[in-house]
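The values are calculated or read from the model by the stated rules, or taken from the named source; none is laboratory data. Since the model is a prediction, treat every value here as computed from it, not as a measurement. Because the Cβ atoms are built from the backbone with ideal geometry, glycine has one as well, and the counts that use them run over all protein chains shown.
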Amino acid sequence: MIILGIETSCDETSISIYTKKKGIIINEIYNQKIHSIYGGVVPILASRDHSKKIIFLIKKVLKKKKIKFKKINAIAFTAGPGLPNSLLIGTTVAKTLELIYKIPSIPINHIEGHIMSIMLAKKKPLFPFISLVTSGAHTLLVIVYKYEKYKIIGHSLDDSAGETFDKIGNMIGLKYPSGKKISKMAKFGKKNFNFPKPIINKNNFCFSFSGLKTHVYYFIKKNIKNINKYQFKCDICFSLEDSITEILVYKSKKALLKFNIKYLSVVGGVSANNTLRKKIKKMTKKINKKSFFTKKKLCTDNAAMIAYTGYLKMKKKTKYKQNIKIKIKPKWKINEKF
Ligand code: KG4
Ligand code: ZN
């Protein structure tokens, strides 16, 4: 079975191919650069860029792997959550291919894609496991009882962890997306500032990062004379990374203990963060649990996780009726039907 994956939910245009025999054989990702000058994703520019690149990328992937379209059994595409106009580009292309080639197209939930990306790693958790989904748009704690059986136990009440990195990065002059850049600068910094860890002690599994963002905003305003000093910026990066990672680790630990689950999987863009990985490993070891991390290349948005999730759906339900109705779900929750 050969599945073509399409991902266009935000600012990455990605095309991938999963085969039953060999797994992911190709995963092309085009990161849109245009947003960096605006400090965040501009939706209309994102969809325009997707529409410019998507056909070119599909052709490139098929050519590189010498696969004729006729050989493809299904197209898996991200139908939500995400930016409506961006989702529409991937969806329209998938539905057009469905119509032309008479093969099924399968709508995939982007978050489910991130959760299942752990199964493309070398070391995989057993069910049930807890998934910490930490990306640019979401911060969630989910119990994965089995494939397609999810329970969201915590979510962010406001900003996500990735968004907090990006917005504070913007304040100190780093280009969007700045999570990785902050992490690099943090290596040269010290914990000179004690930034808050909002609602860490609240008796739930939810997150809140907007207070941390506002605190750092006023802190920078108060210390504006230092803002061009490299060391000052590195210390901000260190202290920020420290607060965000502590919150993520603490809430994950609480969830593992409360639900008595052995395995923790960490996925999404922020899961590429090395400090987070180290702290999670240390925490899980201490409480006799095990942690698992998505391959670095598959942390941020990619079509490999979409193609793979599509493969799982095809395995379950082999008869797909042709349906060329264009439908997206920009706020699609993983425990909701499409
Ligand atoms: O999963 P993703 O591509 O986007 C969404 O699905 O929303 O994640 C992108 C986010 C951005 O906020 C980016 O700054 C963050 O992941 N990120 C990181 C690192 N690499 C990417 N944050 C912290 N440390 C990193 N190494
Ligand atoms: Zn994502």
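Before moving on, here are some points about what is shown:
- Applying a threshold of 8 Å to beta carbon distances and a minimum spacing of six or more residues, or different chains, the list of pairs starting in segment 254-268 at a residue that is under 10 Å from Ser291 (Cβ atoms) and ending at one that is surrounded by fewer than 14 Cβ atoms within 10 Å (Cβ to Cβ) reads Leu256/Ile287; Tyr263/Leu126.
- Subset of segment 161-191 [outside any helix (DSSP H, G or I) and touching a Gly at 6+ places or on another chain (Cβ under 6 Å)]: Tyr176, Ser178
- When the criteria are applied in full, Phe56 meets the requirement of being surrounded by fewer than 17 Cβ atoms within 10 Å (Cβ to Cβ) and either touching an Asp or Glu at 6+ places or on another chain (Cβ under 8 Å) or modelled with pLDDT of 95 or more (or both).
- Against the test of being more than 21 Å from Lys95 (Cβ to Cβ) and part of a loop (DSSP other than H, G, I, E, B), the options Lys333, Lys297 yield a single qualifying residue, Lys333.
- Members of segment 103-130 that are within 16 Å of ligand 1 (Cβ to nearest atom), over 22 Å from His155 (Cβ atoms) and not in a helix (DSSP H, G or I): Ala121
- Filter result for Ile89 (more than 14 Å from ligand 2 (Cβ to nearest atom) and either at pLDDT 95 or above or not in a loop (DSSP other than H, G, I, E, B) (or both)): yes
- Lys253 in a helix (DSSP H, G or I), modelled with pLDDT of 95 or more and either more than 27 Å from Lys213 (Cβ to Cβ) or within 16 Å of ligand 1 (Cβ to nearest atom) (or both): no
Here is a yes/no grid of residues against (1) farther than 20 Å from Asn273 by Cα; (2) touching a residue at least 40 places away in the same chain (Cβ under 8 Å); (3) acidic (Asp, Glu):
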site: Tyr176; (1), (2), (3): no, yes, no
site: Ile182; (1), (2), (3): no, yes, no
site: Gly189; (1), (2), (3): no, yes, no
site: Phe205; (1), (2), (3): yes, yes, no
site: Lys213; (1), (2), (3): no, yes, no
site: Asn226; (1), (2), (3): yes, no, no
site: Lys233; (1), (2), (3): no, yes, no
site: Ser243; (1), (2), (3): no, yes, no
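- Once segment 258-277 is narrowed to residues that are assigned to a loop (DSSP other than H, G, I, E, B) and out of contact with any helix residue (DSSP H, G or I) (no Cβ under 9 Å at 6 or more places or on another chain), the residue that is nearest to ligand 1 (Cβ to nearest atom) is Phe259.
- The criterion of being within 17 Å of Thr294 (Cβ to Cβ), of a type in the set (Gly, Ala, Ser) and in a helix (DSSP H, G or I) does not hold for Gly136.
- Residue satisfying condition, being farther than 25 Å from Lys295 by Cα and assigned to a helix (DSSP H, G or I), within set Leu57, Leu45: Leu45
- Restricting segment 107-140 to residues that are under 13 Å from the mean Cα position of the chain (by Cα) and either within 12 Å of Phe207 (Cβ to Cβ) or surrounded by fewer than 20 Cβ atoms within 10 Å (Cβ to Cβ) (or both), the residue that is farthest from ligand 2 (Cβ to nearest atom) is Leu132.
- Subset tally (residues that are crowded, with 21+ Cβ neighbours inside 10 Å and away from ligand 2 (no atom under 16 Å from the Cβ)) for segment 285-299: 2
- Residues of segment 135-174 classified as in contact (Cβ under 8 Å) with a residue 24 or more places away in the chain and within 8 Å of ligand 1 (Cβ to nearest atom), total: 10
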